[in-house]
Amino acid sequence: MKRLLPFTLMVVAALALPTFAERHEEKIKQNEKALGQVKSRLKEEQAQATAAKKKEASILVELESIERTLAAKRKELQQLDRRLRNARSQVDRLENEISRLETQRGGQEGALSQRLRALYKLQAQGGVLPAILSRTDPTTQAVSLRHLTMLASVDVKMIQEYTEASKNLGERKREMEQRRREFEALRTAVEKERAVVDRDLQRRRVLLAKVREDRAYHERMVSELQEASQRLQALLKELQQSRPKPLAKAPTPETPAVGFGTLKGRLPWPAEGKIVVTFGQQVHPRFGTRTFKNGVDISADEGSAVTAVYTGITAYAAWFKGYGNLIILDHGNSYFTLYAHAAEIHTQVGESVRQGQVIGTVGDTGSLTGPRLYFEVRYQGRPQNPEQWLRHQG
């Protein structure tokens, strides 16, 4: 009996082994399933995070989209305004012509009325021919007939002129009605475009208000502007490396021996105004963020001229994210000047420009603080303090 007990225990243990193995296998499967669920959830959360990151659009991209739409709509609006003024002048011209024709026709009507009354009285007295033929003197009869023929010819001419004036008057009135309809259609289109512009301006104001008032927006904008500054630095390096040598296309300066580098403190201002943001480190008064300004902001009237500070060649003239409409002039000897936030660009890449030439107009494209000109001076890609290069004012 004692010998059977160990054997029995061994049999029971052997029988129990598959159960333990099955449980272990089941536990592994459960763990694998749980791990799969965790991986699936992690994948979903990563996808959601990626989607959220994509959804959180760049402030500069959104600002650029709004400003490009605004620029296109403003151009359309300018064209519509020109057509509207033209239509208005056409309506005014037609109104004046109609008034003149009505006055002319009124005079013709008065003259014809007098002739008709005279002819009526003459007819009431027996008619013209009996009165002429009753005269015995042939010469008198001939003179009277000649006079009558002349009067008839004058009457015919008066009637023709009256008819022509009436026809012209009718045509002008129909033309004026057509022009008035065109004018009203244009005015409706202008009002519609202005509403779109106003809506986009409001979107821009809301976005800029968030940048000014919301720390998160402000910090994102600072980060994006720093990235934009780095991209601009890379662009300038590329322009410098790709610049043809020598600078053959540039006009000869008035004094050929004088180059850009010798004009420190003597350059003319690129726009009429005053510096409102200086070169160098800037500290935000509210959020305390520190940034470095590679140029200066010149406060100037929107639409006023932006002029080249020195002879050179246009190296870049297009939109640049973070700077709006940007113009870069290559002055040779590794000197460049930059003009940003322009409303319009009046030069093109490769064009030779002279000192004082208008290359654009002041605007607020890419600007966070309204109309102004952002101006930089660069030597070998490094920013210089523009205040040291510009003439002292007053």
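General observations
- Top-ranked residue in the stretch 178-210 [being of a type outside the set (Asp, Glu) and more than 23 Å from the chain's Cα centre (by Cα); ranked as nearest to Leu77 (Cα to Cα)]: Phe183
- Applying a threshold of 8 Å to beta carbon distances and a minimum spacing of six or more residues, or different chains, the list of pairs starting in the stretch 356-371 at a residue that is touching a residue at least 24 places away in the same chain (Cβ under 8 Å) and more than 24 Å from Gly312 (Cα to Cα) and ending at one that is surrounded by fewer than 18 Cβ atoms within 10 Å (Cβ to Cβ) and among the basic types (Lys, Arg) reads Leu368/Arg212.
- Number of the exception - Asn325 against (1) closer than 19 Å to Ala72 by Cα; (2) surrounded by fewer than 22 Cβ atoms within 10 Å (Cβ to Cβ): (2)
- A Cβ distance below 6 Å, combined with a sequence gap of six or more or placement on separate chains, defines the contacts here; from the stretch 321-334, residues that are within 13 Å of Gln240 (Cβ to Cβ) reach residues that are at pLDDT 95 or above and among the aromatic types (Phe, Trp, Tyr) in the pairs Ile328/Tyr316; Ile328/Phe336; Asp330/Phe336; His331/Tyr310.
- Considering the stretch 274-316, the residues that are basic (Lys, Arg) and closer than 21 Å to Arg212 by Cβ include one that is surrounded by the most Cβ atoms within 10 Å (Cβ to Cβ), namely Lys293.
- Pick from the stretch 77-105, criterion small (Gly, Ala, Ser) and either surrounded by 15 or more Cβ atoms within 10 Å (Cβ to Cβ) or over 29 Å from the mean Cα position of the chain (by Cα) (or both), ranking: nearest to Leu169 (Cα to Cα): Ser99
- Yes/no for Thr361 being in a loop (DSSP other than H, G, I, E, B) and surrounded by fewer than 24 Cβ atoms within 10 Å (Cβ to Cβ): no
The values are calculated or read from the model by the stated rules, or taken from the named source; none is laboratory data. If you're wondering where the values come from, they're calculated on a predicted model, not measured in any experiment. Methodologically, a virtual Cβ is constructed for each residue, glycine included, from the backbone with ideal geometry; neighbour enumeration extends over all protein chains shown.
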